[in-house]
Amino acid sequence: MANILIVDDSRISRRVLRNSLELMGHTVVAEAGNGDEALTLYEEHHPDLVTMDITMPGMDGIECLFRMREMDPEAKVIMITAAGTNDKMVKAVKYGCLDYIVKPFDEELLREVITKHTA
């Protein structure tokens with residue numbers, strides 16, 4: 001099972017995602033409410049996978065993804081967002097995100113995507 005960092009400015013979204021991931025047997029090593037926090041926690045915990053929201057105050061998920069992949073080109077990031085606009089998703093893929101899930105997410109889709117990138 002994977003060690004996962006959750007990045008989302010919504011405490012409720014983080015809690016829902018944490019519960020789902022832990023029920024799947026994964027360990028949530030940390031949660032970040034913004035991009036700056038995420039970069040610090042990524043360096044501290046070196047998780048196997050990061051779930052990242054796109055729309056956050058300050059540094060958004062796209063910029064955070066870019067910086068995270070600069071720090072660690074092997075960083076595995078999945079975008080989980082309600083802001084699934086095409087231009088943002090194209091940019092996220094360009095910057096190295098592995099996949100994306102639209103909120104509210106389907107549990108089975110979440111399981112499939114997480115399994116695909118942690119197996």
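The values are calculated or read from the model by the stated rules, or taken from the named source; none is laboratory data. These figures come from a predicted structure and were not determined experimentally. Glycine also receives a Cβ, built like all others from the backbone with ideal geometry; neighbour counts cover every protein chain displayed.
Below, the figures for the structure above:
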{"quantity": "One residue from Ala2, Ala38 being small (Gly, Ala, Ser) and under 19 Å from Glu112 (Cα atoms)", "calculated": "Ala2"}
{"quantity": "Among the candidates Glu31, Glu44, residue that is surrounded by 18 or more Cβ atoms within 10 Å (Cβ to Cβ) and touching a residue at least 12 places away in the same chain (Cβ under 8 Å)", "calculated": "Glu31"}
{"quantity": "Any hit, region 1-19, residues being closer than 18 Å to Glu108 by Cβ, at pLDDT 95 or above and assigned to a strand (DSSP E or B)", "calculated": "yes"}
{"quantity": "Residues that are part of a loop (DSSP other than H, G, I, E, B) and either hydrophobic (A, V, I, L, M, F, W, C) or within 18 Å of Glu22 (Cβ to Cβ) (or both), drawn from region 68-102", "calculated": "Ala75, Ala82, Ala83, Cys97, Leu98"}
{"quantity": "Meets criteria (under 11 Å from the mean Cα position of the chain (by Cα) and closer than 14 Å to Leu98 by Cβ) for Ile80", "calculated": "yes"}
